[in-house]
Amino acid sequence: MRRITSFLIGTLIGGMVGASLAILLAPESGQELRHELQQRMNALTSEIRTAAEARKIELQRELEALRQPSSQ
């Protein structure tokens, strides 16, 4: 029983020390981090939309080419 208690106390203390270090060593505040993540997500979404639109145009051209009667 004593070993389990010691383990739980050690785990709790280790968790508190780890959380404290994470807060102290974080490069940005939470608000700044959320803002940066939102900007990155917006940029990624924009890139995906641009790539999807370009692919859509490419596929439409290929479809039109396939619909043209072949000259055989």
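Just one of E28, E53, E62, E58 is touching an Asp or Glu at 6+ places or on another chain (Cβ under 9 Å) and of a type in the set (D, E); which is it? So that I can check it myself, show each step before the final result.
On the way: E53 fails: touching an Asp or Glu at 6+ places or on another chain (Cβ under 9 Å); E62 fails: touching an Asp or Glu at 6+ places or on another chain (Cβ under 9 Å); E58 fails: touching an Asp or Glu at 6+ places or on another chain (Cβ under 9 Å).
Exactly one of E28, E53, E62, E58 is touching an Asp or Glu at 6+ places or on another chain (Cβ under 9 Å) and of a type in the set (D, E), namely E28.
Restricting attention to the range 32-46, does a residue exist that is out of contact with any Ser or Thr (no Cβ under 6 Å at 6 or more places or on another chain), modelled with pLDDT under 85 and polar (S, T, N, Q)?
no
Say whether the condition of being outside any helix (DSSP H, G or I), surrounded by 10 or more Cβ atoms within 10 Å (Cβ to Cβ) and either aliphatic (A, V, I, L, M) or free of Cβ contacts under 8 Å to residues at least 24 places away in the same chain (or both) is met by at least one residue in the range 48-68. Show your work before the answer.
If we filter the range 48-68 for residues that are outside any helix (DSSP H, G or I), which is where we start, we get 68.
Still in the list and also surrounded by 10 or more Cβ atoms within 10 Å (Cβ to Cβ): none.
No.
Given the conditions (1) touching a helix residue (DSSP H, G or I) at 6+ places or on another chain (Cβ under 8 Å); (2) at pLDDT 95 or above, which single one is not true for E28?
Tallying (1) touching a helix residue (DSSP H, G or I) at 6+ places or on another chain (Cβ under 8 Å); (2) at pLDDT 95 or above, E28 fails exactly one: (2).
Output the residues belonging to the range 17-47 that are hydrophobic (A, V, I, L, M, F, W, C), surrounded by 10 or more Cβ atoms within 10 Å (Cβ to Cβ) and in a helix (DSSP H, G or I). It would help to see each step written out before you state the result.
Applying the first criterion (hydrophobic (A, V, I, L, M, F, W, C)) to the range 17-47 yields 17, 19, 21-26, 33, 37, 41, 43-44.
From what is left, the residues that are surrounded by 10 or more Cβ atoms within 10 Å (Cβ to Cβ) are 17, 19, 21, 26, 33, 37, 41, 43-44.
If the condition is that a residue be hydrophobic (A, V, I, L, M, F, W, C), surrounded by 10 or more Cβ atoms within 10 Å (Cβ to Cβ) and in a helix (DSSP H, G or I), then V17, A19, L21, L33, L37, M41, A43, L44 are the ones that fit.
Can you list residue pairs whose Cβ atoms sit under 9 Å apart, with the first residue in the range 1-30 being in contact (Cβ under 8 Å) with a residue 60 or more places away in the chain and the second being exposed (fewer than 10 other Cβ atoms within 10 Å of the Cβ) and part of a helix (DSSP H, G or I)? Count only pairs 6 or more apart in sequence or on different chains.
From residues that are in contact (Cβ under 8 Å) with a residue 60 or more places away in the chain, there are no pairs.
The values are calculated or read from the model by the stated rules, or taken from the named source; none is laboratory data. Since the structure is predicted, the reported quantities are computational estimates derived from the model, not experimental observations. Methodologically, a virtual Cβ is constructed for each residue, glycine included, from the backbone with ideal geometry; neighbour enumeration extends over all protein chains shown.
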